[in-house]
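Structure first, commentary second.
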Amino acid sequence: MPHPDIAIPSRAPAEVSADDTVLPFEVAPLDLRGRVVRLGPAVDTILTGHDYPQPVAKLLGEAIVLGVLLGTALKFDGRFILQTKTDGPVRMLVVDFMTPDKVRACARFDKERVVEAIAAGATDAGALLGRGHLAMTIDQGGEMSRYQGLVALEGGTLEDAAHEYFLRSEQIPTRVRLAVAEELRAASGGPSHRWRAGGMLLQFVPRAPERARVADLHPGDAPQGTAPHTVPEDDAWIEGRALIETVEDVELIDPALSSEQLLYRLFHERGVRVFRSIDLHAECSCSRESVEAMLRSFPQRDRDDMIENGVISVTCEFCSTNYVFEPADVADKLANNE
């Protein structure tokens, strides 16, 4: 943090929107911190590479934005994995963020149930996800232990789940906004479309400990009639929460509106400070070597069961790259010597 006597230079917000970036910011007078995500080619590469039905692609896009918002908070080398497991038409969403700037994602869904949901007009996040849980895993690699947080999905949105997670696990007043849409453009060969996505995370992080108090969670076994514990919301958080709730989806994905302009719209009266932005890339971590190592870890009889038309074929679920191996290439060394 800068010394209070050191003047921080001010400037007009940038007019040019930078896609595939995360812009951290703070509103010091309100003790607010947050990040703005703008995704263009990165999210389009992931979603078009899978050719998912439109509602599934949109839902996965929201998960990607949420995963990036949370993953870019890591201050060490590692991975942030966001994964849903539910009973809805979209059974699973997986977002794998690798610090500092790489993301990949995929979805599993029941094609027939998704078609039925589209026909019935039930394509909102709650209807597609159903009930289950959202897991958020932090993996520092090596021999470091993993940290995992779980939150229930009960027919709500990913925004709802994120709010519940921060309330119960981190106890930090937090609001998240997610937006995904297809951008249609006229082209010589006919209309073209590409995916865009954006999001914002806002948190109240006061320096004074007494202002950071939150209400105790209901224990679940309190005697009937016990009054719930309450703590009045801080005026600064009330103001910040009210401001972020005014953000419209189009503002989060509009290429003509930069992240800095959006932040200025919201917080110019209080003063907002931005930090160095982080560039993002859609990039898979798979390789022929890693797939070969995975195959070699299986028992020989399992590898034998994988042989079709004389070869073993493995397709990466994230990037759809297909790797083909001759059975002898991944056979046990002892078997090769016999």
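The values are calculated or read from the model by the stated rules, or taken from the named source; none is laboratory data. The shown structure was predicted, so the numbers you read here are calculated from the model rather than taken from an experiment. No Cβ is skipped: glycine too gets one built from the backbone with ideal geometry, and neighbour counts run over all protein chains shown.
Do we find a residue being assigned to a loop (DSSP other than H, G, I, E, B) and on the phi > 0 side of the Ramachandran plot anywhere in the range 271-288?
The initial filter retains those residues of the range 271-288 that are assigned to a loop (DSSP other than H, G, I, E, B), namely 271-272, 275-277, 280, 283-287.
Those still in the list that are on the phi > 0 side of the Ramachandran plot too: 271.
Yes, that holds for at least one residue.
Taking Phe109 and the conditions (1) out of contact with any helix residue (DSSP H, G or I) (no Cβ under 9 Å at 6 or more places or on another chain); (2) modelled with pLDDT of 95 or more, which numbered condition does it fall short on, given that it satisfies the others?
Going through the list (1) out of contact with any helix residue (DSSP H, G or I) (no Cβ under 9 Å at 6 or more places or on another chain); (2) modelled with pLDDT of 95 or more, Phe109 breaks only (1).
Out of all the residues in the range 64-87, which are among the small types (Gly, Ala, Ser) and buried (at least 24 other Cβ atoms within 10 Å of the Cβ)?
Scanning the range 64-87 gives Gly67, Gly71.
Only residues that are charged (D, E, K, R) and surrounded by 12 or more Cβ atoms within 10 Å (Cβ to Cβ): list them for the range 275-320, please.
Asp279, Glu283, Arg288, Glu292, Arg296, Arg303, Asp304, Glu317
Quick check on my filter: what residues within the range 62-91 are touching a Leu at 6+ places or on another chain (Cβ under 6 Å) and either outside the structural domain of Leu134 (by TED's automatic domain parsing) or in a helix (DSSP H, G or I) (or both)?
Correct list: Glu62, Ala63, Val65, Leu66, Gly67, Leu69.
Does Ala122 fit the bill of being touching a Pro at 6+ places or on another chain (Cβ under 6 Å) and more than 30 Å from Ala256 (Cα to Cα)? Show your work before the answer.
Values: touching a Pro at 6+ places or on another chain (Cβ under 6 Å): no; more than 30 Å from Ala256 (Cα to Cα): yes.
No: the conditions fail for Ala122.
Just checking, does the range 92-105 include any residue being outside any loop (DSSP other than H, G, I, E, B), more than 14 Å from the chain's Cα centre (by Cα) and at negative phi? Walk me through how you get there before you give the answer.
Quick first cut of the range 92-105, residues outside any loop (DSSP other than H, G, I, E, B) only: 92-98, 102-105.
Within this subset, residues satisfying the condition of being more than 14 Å from the chain's Cα centre (by Cα) are none.
Scanning the range 92-105 turns up no residue that is outside any loop (DSSP other than H, G, I, E, B), more than 14 Å from the chain's Cα centre (by Cα) and at negative phi.
For the range 242-270, what are the residues that are outside any loop (DSSP other than H, G, I, E, B), under 30 Å from Phe318 (Cα atoms) and not polar (S, T, N, Q)?
Within the range 242-270, Asp249, Val250, Glu251, Leu252, Ile253 qualify.
Out of the range 62-106, which residues are closer than 17 Å to Leu134 by Cβ, charged (D, E, K, R) and in contact (Cβ under 8 Å) with a residue 60 or more places away in the chain?
Hits for the range 62-106 are Glu62, Arg79, Asp96.
Just the residues that are assigned to a strand (DSSP E or B), over 28 Å from the mean Cα position of the chain (by Cα) and polar (S, T, N, Q), please, taken from the range 289-331.
Within the range 289-331, just Ser313 meets the criteria.
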